[in-house]
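Everything below concerns the one structure shown next.
The values are calculated or read from the model by the stated rules, or taken from the named source; none is laboratory data. Predicted model, so just to flag it, every value in this text is computed and none were measured. Cβ coordinates were reconstructed from backbone atoms using ideal geometry, including for glycine residues, and neighbour counts include every protein chain displayed.
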Amino acid sequence: METTIKNILVPWDFTEHSYYALQNAIEISKVTQYNIILLHIISKISEESVAKEKLEKVVLEVSDKHGVKAGYLIKTGSIFNTISEVASDPEYGLAVMKTDGVKGMQRFTGSRAIKIITGSKIPFIVVQQPPQKTTFEKILYPIDYRIENKQILSYITYLSKFYQSKLYLMRPQTKDRIFKKNIANTVNFAKVLLDSKNISYEVVTANEKLSYCEQIIEFSHSNDVDLILIQLEKNLTFTKFLFGVKEQKIIANSYKIPVMCLNPKIELLKYAGFH
């Protein structure tokens, strides 16, 4: 991942929660020096002139009040396709997006946030409130049995270029022999990599009395974690949502802790470091 100047994409619909995403993006921009681009999606071209006038005011306020470079982009389309399409442009390093939580049938079909993020090439930081701090002091990396879960480490080393964070590596408890082996391999791989990068970390083990999802959320709250890093599954089906997708629960956690969501990159599995 390059450290050249890129942009932070902020999906924007003029709601209060959009401002939460923008406020978080501003704090990230101050650290990374990334520019902010507000993406507003309209359903018909006749809405463009009104949207443009409103966006120009927001962008001017961001620049004048916070000293952060900002711009905007107006696209016609659907939020579920357009946001992901725009985010695929190499000029974007990450996206900061609001979530309104999980409502009604979204419990079974997937929240808007997950539908938008799925398939994206860049990480999405999903927020539910204004930033509580100006930096990410503590980050939680929940390890699981999937081989591709190691890919999160590339983003941890990337974040370490900007933030001097304390990292928690959480490992689940399992009786499955193969799962145990995969988890142990990931933990060992992480230790070697993090030691080589001089990144401060602590390995913690999940409590068997709680589900792994609940432990991730409760541990993050109890330890004042500022960011949870998770990786979405490759195929999220109706059946998986019906029985409860842990990623969805973590994103909409009741403590409103920001969550960085990543999609697995199959091509990275070709490299020996991820085997």
Considering only residues of segment 236-249 that are part of a loop (DSSP other than H, G, I, E, B) and among the hydrophobic types (A, V, I, L, M, F, W, C), which is modelled with the lowest pLDDT?
Phe243
Taking the condition of being more than 24 Å from Thr134 (Cβ to Cβ), in contact with a Phe, Trp or Tyr (Cβ under 8 Å, 6 or more places away or on another chain) and crowded, with 20+ Cβ neighbours inside 10 Å, how many residues in segment 204-227 meet it?
1
Scan segment 250-275 residue by residue and report those that are more than 24 Å from Ser154 (Cα to Cα) and either touching a helix residue (DSSP H, G or I) at 6+ places or on another chain (Cβ under 6 Å) or at pLDDT below 85 (or both).
Asn253, Tyr255
Return yes or no: is Thr15 at pLDDT below 95, within 22 Å of Gln129 (Cα to Cα) and hydroxyl-bearing (Ser, Thr, Tyr)?
yes
Criterion first (under 22 Å from Ile230 (Cβ atoms), free of Cβ contacts under 8 Å to residues at least 60 places away in the same chain and outside any helix (DSSP H, G or I)) does Tyr168 satisfy it?
yes
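Each row is one residue, and each column tells you yes or no for (1) under 24 Å from Ser88 (Cα atoms); (2) assigned by TED's automatic domain parsing to the domain that holds Leu159; (3) under 19 Å from the mean Cα position of the chain (by Cα).
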residue: Ala21; (1), (2), (3): yes, no, yes
residue: Ser29; (1), (2), (3): yes, no, yes
residue: Gln33; (1), (2), (3): yes, no, yes
residue: His40; (1), (2), (3): yes, no, no
residue: Ile45; (1), (2), (3): yes, no, no
residue: Glu48; (1), (2), (3): yes, no, no
residue: Lys52; (1), (2), (3): yes, no, no
residue: Lys57; (1), (2), (3): no, no, no
residue: Leu60; (1), (2), (3): no, no, no
Here are some residues: Lys138, Lys44, Lys52. Which one is out of contact with any Lys or Arg (no Cβ under 8 Å at 6 or more places or on another chain) and in contact (Cβ under 8 Å) with a residue 24 or more places away in the chain?
Lys44
Restricting the search to segment 199-225, which residues are in a loop (DSSP other than H, G, I, E, B) and modelled with pLDDT of 95 or more?
Ile199, Ser200, Asn223, Asp224, Val225
Enumerated helices (runs of 4 or more DSSP H) restricted to segment 1-95, each holding at least 1 residues that are over 25 Å from Val259 (Cα atoms)
48-66
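Okay, residues lined up against (1) polar (S, T, N, Q); (2) closer than 29 Å to Tyr255 by Cβ; (3) surrounded by 13 or more Cβ atoms within 10 Å (Cβ to Cβ):
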{"site": "Lys44", "(1), (2), (3)": "no, no, no"}
{"site": "Glu48", "(1), (2), (3)": "no, no, yes"}
{"site": "Val58", "(1), (2), (3)": "no, yes, yes"}
{"site": "His66", "(1), (2), (3)": "no, yes, yes"}
{"site": "Gly71", "(1), (2), (3)": "no, no, yes"}
{"site": "Ile74", "(1), (2), (3)": "no, no, yes"}
{"site": "Val96", "(1), (2), (3)": "no, yes, yes"}
